[in-house]
Amino acid sequence: MTSKSIKREPSTYLVSAGDKPNQILKPIKGFASEPLVSLEEACQPLLGIIPRLKHYVNDAKKNSKNPANNLTQDESAAIRLYTMQWDSNLDDPHVSLYSHLNCILRQPDRKVLKPWFCYLKLFLTALAKLPPISGQNFWRGIRNEYTAKYIEDDETIWWGFSSCTKSLQVLKSDAFLGTTDKRSIFSIEIFDGRSVKDHSDFPEEEEVLLFPGTCLKVDAKLNPASDLHIIQLKSIHPHDELLESVLQDDPWTHKIVPGNTFWLLTQKYGCTLDEIIAANQDIDPLKLQVDQLVQLPSACRKPRTKIALDEHRSDQVCHTVFAGDTCERISEWYGCTIEDIMIANPDIQPTSIYPGQILRLPRTYRTANNTRD
C-alpha cells in the first residue's frame, strides 16, 4: 500500500512532546563527508531499522521522475520518502521515516545517528538546492497548553526537522490540531525554510521544512481564547553551528555576510539583478539575513579572484568607514576619484557603504586630511 492511500500522520505539523525547549544537545555533524549515493544505497544501513523500507524507496523513486528545482531523481525521491507515510504495525510503532529520524535527532547520544549519515547527506543536499524562504510566517502547533515552557525573550532549539504550513486552515483541520480543546499555536517567522511541495507525497499541504538545530527566540505569547494560546517565535542565527553544512564547497550558492546586497552579488558573480531575484523568488532582497544561503543563477561565473589592489599586500592602505562617510567625501579626503575607489573595491556598492566597512585605497591616494566636517 502506498502512502497516497493513507491520511497524513496527525503529528506532522505538531510540536513533539519530545521537543524540550531548554534541551542542549551536541551539534549534528559527521555526515557531510559521506559520498552522495543513490537513494537505495543511502537507505541500505536503515533496512534493519525500518520494516519494508525497500518497498517505500521504490515507491519514492517511481514518483520522482522529472523533478523540479534541478534536483536529481534520487534527491527528489529522498524528500518524497521523508514525507511518505504507511500503515503502522506491531513491529514498528512509527508510521513514517520522518518520525523515525526525528526521534533519533532528539536523542542525546549522537552515535545512534550514524546509520542515517548517507541518507542525511542526500536529503540535506536536496533541501539545500531548493529556494530558501525567509521573512514569512508559518504555523505549527501542539495539543494542550504549552506556553509555560516558552518564556518571552528566551531562546530555544528545535533539534528535529520541523514541518510548518503556510495555511492556518491546514493546522486547524481535525486531522491535525482541530478547533476545540486546549491547544497552542506557534507563529514562526523563518529565515531559512524550504518548501517541499514539488517533491512531497502531500503537495496540497504546501509543507515547509525547518532544518534540525533551528534556533528560535520567543517574541510574544497571546491568549485570544480560554482554550487557545499563540506563541510567536522568530528564527535567529545560533551562537554555534548546530547542523553541519553539506554545501560548503558548492560554487553555486553564496552565504550572506554583513553588508551584502543582491546588487553587490551581481558585481561579484557577473550576473544581473533580475537573474539573482529569479533564482531566489522566496527571498525578500530587502531582508537578507546573515548566513542565509542565496542560490546563484546558472548563468553566473565563479567569484572574482583578482582585484585591482592585492588585499594581501603589506603596503596596502585602507580606510575604515565612519558614520556619515560617503564615497564622494572619501575621494575628496584622499585626492582620488570615486571611480578610483570603485576600481580598488569592485565588490562595494558605492551608495551602500556602512560604518566599520573597510575600503581599499587606490595607489594614487594622498594622505587624508585629518579633519572631518
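Give me the extension gain from GLN107 to ILE24: residue separation times 0.36 nm, minus the current Cα-Cα distance, reported in nm with one decimal.
The GLN107-ILE24 span can extend by a further 28.8 nm.
Computed over the Cα atoms of the stretch 253-295, what is the convex hull's projected area averaged over all directions, in nm²?
Projected area, direction-averaged: 2.6 nm².
Under the 0.36 nm per residue contour assumption, what length would be gained going from the current alpha-carbon distance of LYS62 and GLU152 to full extension?
That works out to 27.8 nm of additional length.
Please give the peptides 145-151, 73-79 ranked by average Cβ packing (other Cβ atoms within 10 Å per residue), highest first, as a rough proxy for protection.
73-79, 145-151
Given the pairs LYS26/LYS197; LYS26/LYS149; LYS29/LYS255; LYS121/LYS221; LYS26/LYS121, which are separated by over 29 angstrom at their Cα positions?
LYS26/LYS197; LYS121/LYS221
Values quoted throughout were computed directly from the atomic coordinates according to the rules given, and no laboratory measurement underlies them. Just so it is clear, the structure is predicted and the values come from calculations on it, not from any experiment. Reconstructed Cβ throughout: ideal geometry from the backbone, glycine too, with neighbour counts over all protein chains shown.
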